[in-house]
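The values are calculated or read from the model by the stated rules, or taken from the named source; none is laboratory data. Because the structure is a prediction, the values reported are computed rather than measured. Every residue, glycine as well, gets a Cβ built from its backbone with ideal geometry; the counts of neighbours run over all protein chains shown. Just the protein is used for accessible areas: all its heavy atoms, side chains included, with ligands, DNA and RNA removed. Shrake-Rupley method; radii C 1.70, N 1.55, O 1.52, S 1.80 Å.
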Amino acid sequence: MSADWRSRFVATGRWCFGDRRGLVLWLGLLCWFGLTWQVGIFINDTYAMANTLVALTEGQLHVTELRYSLTFGSQPGLYEYQGRAYGRNYGMLALAVPLVWVLEGLATVVAPRLLLAGLWAGVGFVFVTQVAEFAWFDRSRTRAVGSMLVLTLFAASVLTATALPRDQLALVALQLSTMLLAATAGLVLYRLVGRFHGRRAGLAAGLLLGVATPVGFWATLPKRHTVVATLVLGAVYAFAVSRTREGDAALRARAGAYALAGYITWIHAYEALFVVAVLGAVDLATARDRSVRALAVLGLVLLVASTPMLATNYAISGNPAQPPRVLPGVDTEVSPATDGPTAGPDATPTPGSGGGSDPPPSPLDVVRTLVGTVSTFAGRNLAGGLAVLTQPERLWHIFVRSGTIPGVSSGANDYEPVDLAALEAMPLLAGLAALPVLAARRVRARVDETLLPLDPRDWSPTRQTDLLVVSLAAILTVVYLPRLPIHSSLTVRYLHPVMALGVYGVWRVPAVRAAVSDTRWAVGSYLASVAVALVVLLAGIGGLGLAVGEAVQYNALWNLAAAVVCGAVVVAYTVSNRVPDRTVAVAVALPAGFASAYLLLSGLVYFRYGSYAFDVVRVLADVLPAL
């Protein structure tokens with residue numbers, strides 16, 4: 001490789017990953033996700049998504065081949081228009097299309113199962129070589145030991161390999177796309193937190209996002225929530241960068257934030273509406289450059305980013321403002337041999353969709369449909385969410401304790417209470433318990449010269465980013481409260497982007513950052529916490545003979561206990577400087593360890609729904625209790 005190409009390659013790597021730590025974090029998270037990766041369908045919605053992905057790889061939007069289900073009507077998430085079935089979340093599926101082509105091309109020369117093992121081993125080798133470059137490791141010894149470990153796992157995967165049909169590669173690509181995005185979420189959070197609080201805190205935040213939060217749980221389960229969470233974090237990061245730059249560099253970063261927010265429209269226009277609205281409001285309130293040129297650039301970028309959604313909607317229904325989600329659902333049972341479902345008696349066209357001979361809608365009709373849709377859904381859910389805030393018992397079940405919830409049917413989960421509340425799914429949120437104390441201090445400092453200026457444009461980049469994060473978290477929580485609690489949410493998945501933002505909030509707390517002041521102690525505390533959690537949980541599952549719902553709730557109670565300890569110590573550290581940093585490290589590591597144990601046991605014990613991508617993991621899982 002010539003020096004010129006090498007310098008370009010390094011520059012590209014730095015732009016993507018920031019530095020070697022970012023690359024190692026991204027690769028390490030991919031390896032972690034692979035430990036519990038099962039090739040299969042866990043949520044019913046995935047049937048429609050996988051079949052729609054197959055259609056996209058064949059160059060069409062409508063579904064004709066039912067590779068992953070027997071009938072059209074058995075797939076929630078399919079919508080009918082003029083006798084054809086369409087999926088949703090096309091922006092998410094489009095990211096997986098190149099992966100399908102690559103995997104299918106490689107599978108012509110390598111068996112699919114061995115191909116996956118080889119890819120995992122390749123990522124592992126690169127991870128080892130990059131880790132070996134850090135000064136605190138012996139390079140040659142680290143490479144030798146790490147390479148031997150990766151080679152051993154690869155050989156074990158090959159020796160235990162079972163057949164993986166080639167027609168499963170589209171599903172594999174779909175899962176792999178969300179794994180890549182989940183790892184990218186950790187990388188983005190590393191760079192975001194690291195920009196304000198140093199690389200050590202940033203690395204800890206990014207790592208824990210992947211190994212101790214629901215982001216890790218959903219990494220191999222292809223749902224839109226992981227993609228949206230990553231894009232939201234990316235928009236926040238671009239916003240933060242824009243506040244630390246001047247001139248055209250700041251404008252480019254602002255445009256990047258709008259581009260990422262605009263892309264969400266192609267995945268879920270409803271969520272994108274609120275993300276774009278909040279981003280625009282906070283950006284205009286805090287930006288120093290509000291010139292016509294800047295606003296025109298940002299508006300153009302947002303329009304271009306939304307063009308794929310508008311084009312897809314137009315190609316499906318002839319109305320760019322009408323996403324597939326508002327079309328009639330497919331509720332017919334037809335043979336896979338047919339070209340698509342036949343509209344049932346209740347499947348009437350929606351306003352603006354017209355019929356086969358209807359002319360295309362005028363721009364005024366498009367605007368009218370868009371305004372009507374926004375006012376109907378957004379207004380109703382905002383009002384409903386604010387009403388839920390007055391219902392303490394309901395909020396308790398959403399955010400603190402799940403269990404068996406009155407009025408919420410668990411029939412879809414075989415009557416097993418496997419859904420968790422927000423704090424149970426992410427006990428690290430207990431670190432936010434210090435926020436009231438910190439807020440009280442700021443109120444008492446109102447007469448001090450350190451008081452925030454009244455004009456948000458004069459705030460520091462950190463405070464401006466905090467404003468965006470709090471605003472996004474608040475609106476994305478309120479608009480989904482009317483739907484919660486709900487069965488099959490597992491980790492309150494509708495609040496997935498909020499939880500990702502919550503990790504940023506946790507690491508803005510000084511007490512939590514103090515936990516990583518001693519790196520060795522922090523790492524040792526976390527590893528010990530994971531080991532203790534696995535022993536306690538496996539002993540309870542085996543000794544008490546728990547069913548899957550009971551096991552999940554048993555895990556949830558331990559997560560809550562760890563959260564209480566973490567919250568108490570973080571508050572004590574914030575109130576008094578007498579709490580040692582090492583004590584805080586243990587307190588923060590405790591919920592992180594139990595959350596990591598939940599992620600491991602979810603893939604190895606609690607939920608077995610498919611074949612493990614790497615058969616060496618299957619051999620290990622067979623030794624553990626089966627529920």
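With every protein chain in place, what's the accessible area of ILE398 (1.4 Å probe, Å², nearest 10)?
In the full protein context, ILE398 sits at about 0 Å².
Counting pairwise Cα distances across the chain, what percent come out greater than 32 angstrom?
51
Using only the Cα atoms, what convex hull volume per residue in Å³ does region 227-298 have?
Measuring per residue, one finds 73 Å³ for the Cα hull of region 227-298.
Run the Debye formula on the Cα coordinates of region 37-137, all scatterers equal and no solvent, and tell me log10 I(q)/I(0) at q = 0.24 1/Å.
Debye curve over Cα of region 37-137, log10 I(q)/I(0) at q = 0.24 Å⁻¹: -1.26.
Across bins of 5 angstrom width beginning at 0, how are the C-alpha pair distances of region 110-175 distributed, in whole percent?
3, 18, 21, 18, 14, 11, 8, 5, 2, 0
Please tell me the relative contact order of region 146-213 in percent, rounded to the nearest whole number, where contacts are Cα pairs under 8 Å and at least six residues apart.
22
Just by accessible area at a 1.4 angstrom probe, what is the order of CYS16, CYS31 from largest to smallest?
Final ranking, largest accessible area leading: CYS16, CYS31.
Please find the FRET efficiency linking ALA11 to PHE134, where r is the Cβ-Cβ separation and R0 is fixed at 25 Å, and quote it to the nearest 0.05.
Step by step, r from the Cβ atoms, then E = 0.70.
Using a 1.4 angstrom probe, figure out how much accessible area region 9-141 has per residue, in square angstrom, rounded to the nearest whole.
Roughly 42 Å² per residue, with all protein chains present.
Give me the mean projected area, in nm² to one decimal, of the convex hull enclosing the Cα positions of region 143-259.
10.3
Compute the accessible area per residue over region 391-609, keeping the other protein chains in place, probe 1.4 Å, unit Å².
Per-residue accessible area for region 391-609 comes out at 42 Å².
With N residues in region 448-558, what two-decimal value do you get for its Cα radius of gyration over 2.2 N^0.38 Å?
Against the compact-globule rule of thumb, the ratio is 1.51.
Quick one: ranking ARG14, ARG288 by accessible area, 1.4 Å probe, largest first, what do you get?
ARG288, ARG14
What do you get for Rg/Rh of region 1-50 when both radii come from the Cα atoms and Rh is the Kirkwood radius?
Looking at region 1-50, the ratio lands at 1.26.
From the mean inverse distance of alpha carbon pairs (Kirkwood) and the Cα radius of gyration, derive Rg over Rh for region 391-609.
In region 391-609, Rg relative to Rh is 1.01.
Points 7 angstrom from Cα along the Cβ direction at ALA531 and ARG444: gap in nanometres?
For ALA531 paired with ARG444, the spin-label model returns 4.2 nm.
So how exposed is TYR494, as accessible area in Å² (1.4 Å probe, rounded to 10)?
Solvent-accessible area, nearest 10 Å²: 20 Å².
Any number yet on Rg/Rh for region 516-627, C-alpha, Kirkwood?
1.07
Go ahead and estimate [θ] at 222 nm for the chain from helices alone: -39,500 (n - 2.57) per DSSP H run with n ≥ 4, summed, over the residue count, rounded to 500.
Theoretical 222 nm ellipticity from helices: -21000 deg cm²/dmol.
Return the tail of the calculated pair distribution for region 477-531, meaning the percent of Cα-Cα pairs more than 13 Å apart.
71
Quantify, in whole percent, the carbon and sulfur part of the accessible surface of region 436-564 (1.4 Å probe; protein heavy atoms only).
The value for region 436-564 is 68 percent carbon and sulfur by accessible area.
Mind giving me the nanometre distance, one decimal, between the label points for ALA547 and THR583, set 7 Å out from Cα along Cα→Cβ?
4.4
If packing is taken as the average count of other Cβ atoms within 10 Å, what order do 567-575, 129-137 fall into, highest mean first?
Peptide ranking by packing, descending: 567-575, 129-137.
If you bin every alpha carbon distance in region 498-568 into 5 Å steps from zero, what whole percent lands in each bin?
The calculated distribution, bin by bin, is 3, 13, 16, 22, 19, 13, 9, 5, 0.
How much length, in nm to one decimal, is gained on full extension between SER147 and TYR609, taken as 0.36 nm per residue of separation minus their Cα-Cα distance?
In short, 163.2 nm is gained.
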